[in-house]
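Please read the structure below before turning to the comments.
The values are calculated or read from the model by the stated rules, or taken from the named source; none is laboratory data. Note that the structure is a prediction, hence the values are computed from the model and not measured. All Cβ positions, even for glycine, are placed from backbone atoms using ideal geometry, and neighbour counts span all protein chains on display.
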Amino acid sequence: MMHEHESPTAVPQPRQTTAYLKQLFSQVGFRIDTRKGQNFLVDLNLIDLLVRSAEIEPADVVLEVGCGTGVVTERVSAAAARVVSAEIDPRLAQLARDRLIERDNVTLVEGDVLASKHRFAPEILKALDTARAASPRGRFLLVANLPYCVATPVISNLLALPRPFDAAVVTVQREMAERMTAAAGTSSYNALSVWIGAQCRGEIVRILPPSVFWPRPKVDSAIVRLDVEPERRAAIGDLARFHEFVREVFCHRRKVLRGILLRMAGGKKTEAAHATVERVYTTLGLPPNARAEDIPPDDFVRLVGAFDAAG
């Protein structure tokens, strides 16, 4: 059955293979800019797996970051109501426009998706607001072969928005995928693990070897799926405070938590700090030698609440 956004007379677009990309880029005089994380997924089955894993429904609104030549965008736009796609490289943006010329449900924003490390570009947020207004009953999804250089701020900043994604299916470096889904007490567990883990259920869908990309990266990658769990997210309360607290604690992740909290409460030499930390430990029943890396995300939510209440 044909989707409403597909044209009965549309000419099938060529498959994104290494040979195809080399020929296309040669024709238009395009050279890869490794500083922009330009690694193109050239395995058709994995492109399909990425999109299929998002389980896109007809009313959904999708954000894509780093559309490249528009291959993933093409598949996503055939399934979703609206797609907002960002591409920082103007040459790639033009190639994507050419490929997506019949996709009237795609808004392609040319430029950096980030205004700063901690803030999305206003153009992206405006385009998302417009897309969601056009399909208010749909979910908001992030589906992308994310450029490695922006993967962490894109995920982190989306989760800081009043209206985050409902689900995200992205390719990232394997190391980051393991951090995003890490459990407390494991070597990969860090502040990002807590920030994501306190709000989302996460899983690694597939590990991707360098050979499925062109140019080949030097490390393995992974497809990751994250699903926001609204009740757990609501339990956090002040998201900005929680994010700040977790990052500060993990600056000293190997140290005993008590010492970190004492410093945050005013210093080891102040009686008030010791009283605050004692109340926290009593409230939560923390062992004396607890470390940040041993505390699960939901317990971190309780830790922040107890710390702020005891201060």
In the list Arg232, Arg241, Arg258, Arg279, which residue meets the criterion of being surrounded by 18 or more Cβ atoms within 10 Å (Cβ to Cβ) and either in contact with a Phe, Trp or Tyr (Cβ under 9 Å, 6 or more places away or on another chain) or assigned to a helix (DSSP H, G or I) (or both)? Arg258
Which condition from (1) among the polar types (S, T, N, Q); (2) in contact with a strand residue (DSSP E or B) (Cβ under 8 Å, 6 or more places away or on another chain); (3) not in a loop (DSSP other than H, G, I, E, B) is the one that Asn45 breaks? (2)
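Give the residue, chosen from Arg97, Arg75, that is more than 20 Å from Thr171 (Cα to Cα) and assigned by TED's automatic domain parsing to the domain that holds Asn157. Explain how you work it out, then say what you get.
On the way: Arg75 fails: more than 20 Å from Thr171 (Cα to Cα).
Testing whether each residue is more than 20 Å from Thr171 (Cα to Cα) and assigned by TED's automatic domain parsing to the domain that holds Asn157 leaves just Arg97.
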Among residues of the stretch 137-149, those that are out of contact with any Lys or Arg (no Cβ under 9 Å at 6 or more places or on another chain) and farther than 15 Å from Val62 by Cβ, counted: 1
Considering (1) within 23 Å of Lys36 (Cα to Cα); (2) of a type in the set (A, V, I, L, M, F, W, C); (3) in contact with a helix residue (DSSP H, G or I) (Cβ under 7 Å, 6 or more places away or on another chain), say which one Phe213 fails and leave the rest. (3)
Looking at the stretch 21-48 only, could you name the residues that are charged (D, E, K, R) and at pLDDT below 80? Asp33, Arg35, Lys36
Suppose the filter is part of a strand (DSSP E or B), touching a helix residue (DSSP H, G or I) at 6+ places or on another chain (Cβ under 8 Å) and modelled with pLDDT of 95 or more; does Ala222 pass it? yes
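List the strands (runs of 3 or more DSSP E) inside the stretch 69-142, counting only whole elements, that have at least 3 residues being surrounded by fewer than 20 Cβ atoms within 10 Å (Cβ to Cβ).
Details: elements: 82-87, 106-110, 114-116.
Strands (runs of 3 or more DSSP E) meeting the threshold: 114-116.
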